[in-house]
Amino acid sequence: MRPYSRLLLAALSLTLAGCGGHGVAPPPPARVVTSAERLYYDNTGGIQDSLRMVIHDQQQFEQIWNRATSTQVSPPPVPTIDFTKSMVVVVGAGRRNTDDEIRVDSVTFRERTTVQGKKEQVMEIMVLLRTGCGGLEAAGYPLEIVSLPTFDGRIEFKERTVPAQGCHPSDEPIPSPSPERSSPPGR
């Protein structure tokens, strides 16, 4: 075998080994959802259901958008989404207090083995439900719509509920004592 053939064979072997020999790219790292990906947030009740939904086409998106914005005096226009590159995620908290919030917080990717022994990629969408201070007793229906890069594998929603900060005096940070000041002489 010629020397450059050995070098080519070694490079090819390293490339295949780096891919795990399966030709499957590793999953992207976890990331926080950006403000640019947030399309709409409201709590006035256009959609009053508790829901977790992934949308892959413009027609279904327009129906959900029109429902979500139906309580607005001047509803914002439906954004055009390139569904070859993006998908839309809709999360609704159902009936809550008006100071409660729902957010698509972050996205994590992992690989898992199915019951049949096959590897599959899973996208986990972390939904954050922040309970308000409860000072407002009116009903609210928190809802958020975000656009994320399209994903063809299994999608799962994970949830976390956290209390709002600053609701109770015990939530406030205790100020550090100020240093003793000496009075100037004669006072």
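May I ask you to list the residues in segment 105-127 that are touching a residue at least 40 places away in the same chain (Cβ under 8 Å) and of a type outside the set (V, I, T)?
Once the filter is applied, which keeps residues that are touching a residue at least 40 places away in the same chain (Cβ under 8 Å) and of a type outside the set (V, I, T), segment 105-127 yields D105, S106, F109, R110, E111, K119, Q121.
Give the residue, chosen from T131, T80, T108, T113, that is touching a helix residue (DSSP H, G or I) at 6+ places or on another chain (Cβ under 8 Å) and surrounded by fewer than 18 Cβ atoms within 10 Å (Cβ to Cβ).
Only one candidate passes the filter, namely T80.
Just to be sure I understand the filter: pairs with C-beta atoms under 9 Å, separated by 6 or more residues or on different chains, first member in segment 131-156 and without any contact (Cβ under 8 Å) to a residue 24 or more places away in the chain, second member not hydroxyl-bearing (S, T, Y). Which pairs pass?
From residues that are without any contact (Cβ under 8 Å) to a residue 24 or more places away in the chain, the pairs are D152/Q121.
Taking only segment 145-187 into account, find how many residues are assigned to a loop (DSSP other than H, G, I, E, B) and modelled with pLDDT under 85.
Number satisfying all stated conditions: 21.
Being under 25 Å from T150 (Cβ atoms) and touching a Ser or Thr at 6+ places or on another chain (Cβ under 8 Å) is true for just one of V88, V104, V78, V127. Which residue is that?
Step by step, each of V88, V104, V78, V127 is checked, and only V88 is under 25 Å from T150 (Cβ atoms) and touching a Ser or Thr at 6+ places or on another chain (Cβ under 8 Å).
Going through segment 134-150 one residue at a time, which ones are more than 12 Å from the chain's Cα centre (by Cα) and surrounded by fewer than 18 Cβ atoms within 10 Å (Cβ to Cβ)?
G134, G135, L136, E137, A138, A139, T150
The values are calculated or read from the model by the stated rules, or taken from the named source; none is laboratory data. It should be emphasised that the depicted structure is a prediction, and the values quoted were computed from it without experimental measurement. Positions of Cβ are backbone-derived with ideal geometry, glycine not excepted, and every protein chain shown enters the neighbour counts.
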